[in-house]
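The values are calculated or read from the model by the stated rules, or taken from the named source; none is laboratory data. Quick caveat, the model's predicted, so the values are computed rather than measured. As a convention, Cβ positions derive from the backbone with ideal geometry for all residues, glycine included, and neighbour counts pool all protein chains shown. Protein only, heavy atoms only, side chains kept; ligands, DNA and RNA dropped before computing areas. Shrake-Rupley method; radii C 1.70, N 1.55, O 1.52, S 1.80 Å.
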Amino acid sequence: MRWDNLTRDDTSATPALFAADAVTTRTFDTPEFRGITFHEIRARSIINRVPGASRMPFEWTVNPYRGCTHACVYCFARKTHSYLDLDTGIDFDSQIVVKTNAPELLRRELASRRWAGEHIAMGTNVDCYQRAEGRYQLMPGILTALVERANPFSILTKGTLILRDLELLRRASRVTDIGVSVSVGFTDGELWRTVEPGTPSPERRLDVVRTLSSHGIPCGVLMAPVIPFLGDSPEQLRATVRAIAQAGATSVTPLVLHLRPGAREWFTTWLTHHHPRLLRRYDALYEGGSYAPKWYQRRITGMVHDFAAEYGIGPYAAGAHRNVPDEPEEPDARADSPPAPAQLSLL
């Protein structure tokens, strides 16, 4: 495994984040961790600058883990495992790097004179509330360090374990700006079981939204990914937005599946096994690169925007009425007409 060449942003020539002699490898013979190998390391840096060419709307991140037991077949972060001479498929799902000194390292870096108190995003590479967090419990220390410095931050997660840290989030919200978003791309149970096999169900994630909101932590939903030809029909989009609205989300932001190198190969393998009839359609839709064409992205965003407006998702006063009927309605015929381009907030 190529530890020594791992750098801060995985592309630069900066010194390695940790050395091979600083790695402890462990396995745990418990049902939730069977088949998973943990590589415990002491990192040399924890606040990472996002590469300038990135499309991300933030500049700094903290990632206490590399690799993810959520095992989402489309995960764009899979490519990062190749920098360790690990494969982007099974190894990404089962060889997890744990930065055991993340809380103490973050506290030190936040106290540095060079740090200007800028926004820090978490959960943007791999999920900081994946199953490993239940054992290593790094996030309470990370959140405490941020609270102590009143440093603004945001969290994106598919994990229900975030509720363990509810009181820390409430403390943070009293001293700084925070943002919490839960990722729910669809509510189709069969699709979830095959494409996101290691995650809590969409219903449990929406319970997280409901719980956070009821405790005064506004929570948005990143509706990601919208999977072409499997989760993008007007009926499916409407059902997902309706469930998100019922959970009390403050916003919904659709994000169409993108297939970067590393993820694309693994997703194509999954597609070949589960939906071989769609291979040609995917080749055509993604022939221009990692992203679906703009016209397709605008179509999805427009439909989600219309459904969000219909169900009252967006800035609203606490306790305001939401137009969410008790029983599902028939799909609106307007969903088949070309929508206007729109984009809702991410965090």
Checklist line | Residue count, the range 114-134 (criterion: outside any loop (DSSP other than H, G, I, E, B) and more than 20 Å from the chain's Cα centre (by Cα)) | finding: 0
Margin query: So, Glu118, is that one in contact (Cβ under 8 Å) with a residue 24 or more places away in the chain, open to solvent by 40 Å² or more (accessible area, probe 1.4 Å), touching a helix residue (DSSP H, G or I) at 6+ places or on another chain (Cβ under 8 Å) and not basic (Lys, Arg) or not?
Written below: no
Checklist line | Scope the range 31-51; condition assigned to a loop (DSSP other than H, G, I, E, B) and not polar (S, T, N, Q); matching residues | finding: Arg34, Gly35, Ile36, Arg42, Ala43, Arg44, Ile46, Val50, Pro51
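Of the residues Leu166, Leu156, Leu143, Leu191, which is open to solvent by 20 Å² or more (accessible area, probe 1.4 Å), among the aliphatic types (A, V, I, L, M) and not in a strand (DSSP E or B)?
Numbers: Leu156 fails: not in a strand (DSSP E or B); Leu143 fails: open to solvent by 20 Å² or more (accessible area, probe 1.4 Å); Leu191 fails: open to solvent by 20 Å² or more (accessible area, probe 1.4 Å).
Going through Leu166, Leu156, Leu143, Leu191 in turn, the sole match is Leu166.
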Checklist line | Count of residues meeting criterion [open to solvent by 30 Å² or more (accessible area, probe 1.4 Å) and in contact with a helix residue (DSSP H, G or I) (Cβ under 7 Å, 6 or more places away or on another chain)] in the range 203-241 | finding: 5
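Any chance you could count how many residues in the range 101-113 are in a loop (DSSP other than H, G, I, E, B) and either buried (at least 18 other Cβ atoms within 10 Å of the Cβ) or touching a Gly at 6+ places or on another chain (Cβ under 8 Å) (or both)? Can you show your working first?
Going through the range 101-113, the residues in a loop (DSSP other than H, G, I, E, B) turn out to be 101, 111-113.
Now narrow it down to the ones that are either buried (at least 18 other Cβ atoms within 10 Å of the Cβ) or touching a Gly at 6+ places or on another chain (Cβ under 8 Å) (or both): 101.
So the count comes out to 1.
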Checklist line | Qualifying positions in the range 14-57 - at pLDDT below 70 and farther than 24 Å from Arg108 by Cβ | finding: Gly52, Ala53, Ser54, Arg55, Met56
